Amino acid sequence: MTSRKKPANLIYDVDESPGITSLILLGVQHIFILAIAFVFPVLIVDAIGGTGNDARHLICMAMLVTGAATILQGLNKGPVGSGYLCPLVNGPAFLSASILAGKTGGLPLIFGMTFIGGMFEALFSRVAARMRAFFPAEVTGTIVTMVGIEVIPFGVKRFFGLDASHPVPDPAAVLTALITLTSMMGLTVWGKGKLRLYSVLIAMLIGYALTFFLGMIGPEQFKLVGDSPWFSLPAPGSYGMTFSAVLIVPFVVASLSSALKTMGDLTTCQKINDAGWKRPDMKSISKGILACAIGNFLSGLSGALGQSPSSSNIGLSIATGATSRKIAYAAGGILITLAFLPKVAAIFVIMPTPVMGASLVFAASFMVIAGIQIMLSRMIDARKTFVIGTSIVFGLSVDFVPGMYKNLPDWIQPFFQSSLSLATLCAIILNLFFRIGISKTARIELVPGVDSSDKVFLFMQKQGGLWGAMPDVISRAASAINETLEVAASKSITQGPLRVAASFDEFNLDVEISYTGVPLAFPDMKPSEEEILLSPEGHAKLSLFLIRWYADKVDLHTKDGLCRIRLHYNH
């Protein structure tokens, strides 16, 4: 793993350990958020006409498999695992494809095709590291933003207590959700130490207490807990697996959607753990996608639904300031244990709807802002504006105009089943389209004593926007070119123009300044204040020192009177 600079807002970063007691409490806090995803197994069972036993089996296997996959994702050594706290859940990426498979061949076909999807995801993980050009900041930032936005419909409906039996907002639910969310916000903003660390856990317990006193947790929920045994052995693989060639395309599309979501989530994990973050670490992301793929292998073999990262849990880790990978081990271990303890697991299954809603709104807030920050880490021009804006607009059309894409062929439906998958597809296609016509090298001639610094900065700003370069790198390069222009004018090193060629390839920015005349000598040390103020050479020496200081590397080559200054900037 590359070296990181710990952000000031983190209490425990990815490499630190909170201690055993805190690990358990933080793990439980994450499981409360993960438990919200138990709604997806129930939705699928209802859609395919399954039984209550089928739903309980899927939830039990979800605990077992997502626990194991969450631990794998946290590994930071070896070929598997991103090394970050990025819990997995039965997310919506596989929802449409799983319902289609379930209606065709029941649960065994869902499990078999989920296994096939895992195989494709594993293959994709092997090439992801070579595909960084396809996922610049405007694409990954859009994905992360849409990850947060996608949570909004689920969160807001539950915040207002809306479900099949409550088609209009329930005042008691709204009151509970408001108090729960306000508690989370207050403890996060004004809480110190442990209060901030466990802000969501404390607020959710307050929410549980309110729903109990308001009568929102009734006999049905208590019966579910009471009827559940204390101990039960899971039955992995009891349903078996079947396969269908017709369903390969829908599950490949679902797996690709899940892999792209993994890219966005892990990019967020990298950014929130490094104050000096500049770009996604694609090697770590590739290993993270492989961890998700293995999770889907295990899902197919054991009898669970498709896995993908839980964006809500990443939002939780941002809010609490605890991103230690050891929390992933704790949460994963607790989940696996819960698969053997149905009575304890039932406490999470009966989570009150308004408490779910408050938690999702809380987590989504952090994810949306994280995505915006990633997008703004690069310079934005008209091309990137269209990539970001158009992708978000069409992504949101899934939620704003329900049913618009329902008549599309079944094999492509997974890309249009959620705002995230459609926005991701649009962002990738538009990014490739708008790369047409962008030259990797731009040139300009500057006449010392005639051209001003404004010409330099406008040139570099324009190119930086086209390339999607980091503002800091472009600013440093522009300053170095401008200092060279000033030295050329003050020392009369050339009678002709300075020819500037700037080249960019996402990883590097290289600037070559060539001219015919006297070579420059770059000092290793900054001139003293007296020398700058009193010596006629002082200002020139300061400019030459700044040129070296602005660049990551400076080379000077001279041949037959032609001088070339090569400035390199890591990007």
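Side notes on the structure shown:
- In the stretch 79-100, the residue that is nearest to residue 23 (Cα to Cα) out of those that are of a type in the set (Gly, Ala, Ser) and modelled with pLDDT of 90 or more is 83.
- Qualifying residue in the stretch 484-500 (condition: farther than 20 Å from residue 450 by Cβ and either in contact (Cβ under 8 Å) with a residue 60 or more places away in the chain or out of contact with any strand residue (DSSP E or B) (no Cβ under 6 Å at 6 or more places or on another chain) (or both)): no
- Residue check, residue 343 charged (D, E, K, R) and not assigned by TED's automatic domain parsing to the domain that holds residue 206: no
- Each residue in the stretch 27-59 was checked for being of a type in the set (S, T, N, Q) and at pLDDT 80 or above, and 1 pass.
- Put simply, of 385, 424, 441 the only residue that is surrounded by 15 or more Cβ atoms within 10 Å (Cβ to Cβ) and not charged (D, E, K, R) is 424.
- Residue that is surrounded by the most Cβ atoms within 10 Å (Cβ to Cβ), among those in the stretch 292-315 that are closer than 23 Å to residue 371 by Cα and over 13 Å from the mean Cα position of the chain (by Cα): 307
- For beta carbons closer than 7 Å, sequence separation of 6+ or different chains, a first residue in the stretch 218-232 that is in the same structural domain as residue 342 (by TED's automatic domain parsing) and modelled with pLDDT of 70 or more and a second that is of a type in the set (D, E, K, R) and surrounded by 11 or more Cβ atoms within 10 Å (Cβ to Cβ), the qualifying pairs are 225/343; 228/343; 229/343; 230/343.
- Consider the stretch 491-535 and keep the residues that are aromatic (Phe, Trp, Tyr) and under 30 Å from residue 131 (Cα atoms). The one that is nearest to the chain's Cα centre (by Cα) is 507.
Residue by residue, here is whether (1) under 29 Å from residue 374 (Cα atoms); (2) among the polar types (S, T, N, Q); (3) modelled with pLDDT of 85 or more holds:
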position	(1), (2), (3)
473	yes, no, yes
485	no, no, yes
488	no, no, yes
510	yes, no, yes
519	no, no, yes
530	no, no, no
535	no, yes, no
538	no, no, no
543	no, yes, yes
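- All positions within the stretch 339-364 that are out of contact with any Leu (no Cβ under 9 Å at 6 or more places or on another chain), in a helix (DSSP H, G or I) and buried (at least 20 other Cβ atoms within 10 Å of the Cβ): 342, 356, 360, 364
- Pairs with Cβ under 6 Å, 6+ apart, first in the stretch 147-172 and under 13 Å from residue 359 (Cβ atoms), second modelled with pLDDT under 85 and not small (Gly, Ala, Ser): 151/360; 154/360; 155/360; 158/353; 158/356
- Residue 448 being crowded, with 19+ Cβ neighbours inside 10 Å and more than 27 Å from the chain's Cα centre (by Cα): yes
- Within the stretch 52-70, being more than 12 Å from residue 88 (Cβ to Cβ), crowded, with 24+ Cβ neighbours inside 10 Å and touching a Phe, Trp or Tyr at 6+ places or on another chain (Cβ under 8 Å) holds for one residue alone: 59.
- Hits in the stretch 234-262 (condition: of a type in the set (Ser, Thr, Tyr) and outside any helix (DSSP H, G or I)): 238, 239, 242, 244
- For the stretch 531-556, residues that are without any contact (Cβ under 8 Å) to a residue 24 or more places away in the chain and either surrounded by 20 or more Cβ atoms within 10 Å (Cβ to Cβ) or in a helix (DSSP H, G or I) (or both) total 9.
- The helices (runs of 4 or more DSSP H) located wholly in the stretch 392-479 that include 3 or more residues which are of a type outside the set (Phe, Trp, Tyr) occupy 419-434, 453-467.
The values are calculated or read from the model by the stated rules, or taken from the named source; none is laboratory data. Quantities reported herein were computed from a predicted structural model and do not represent experimental measurements. Virtual Cβ from ideal backbone geometry, glycine too; neighbours counted across all protein chains shown.
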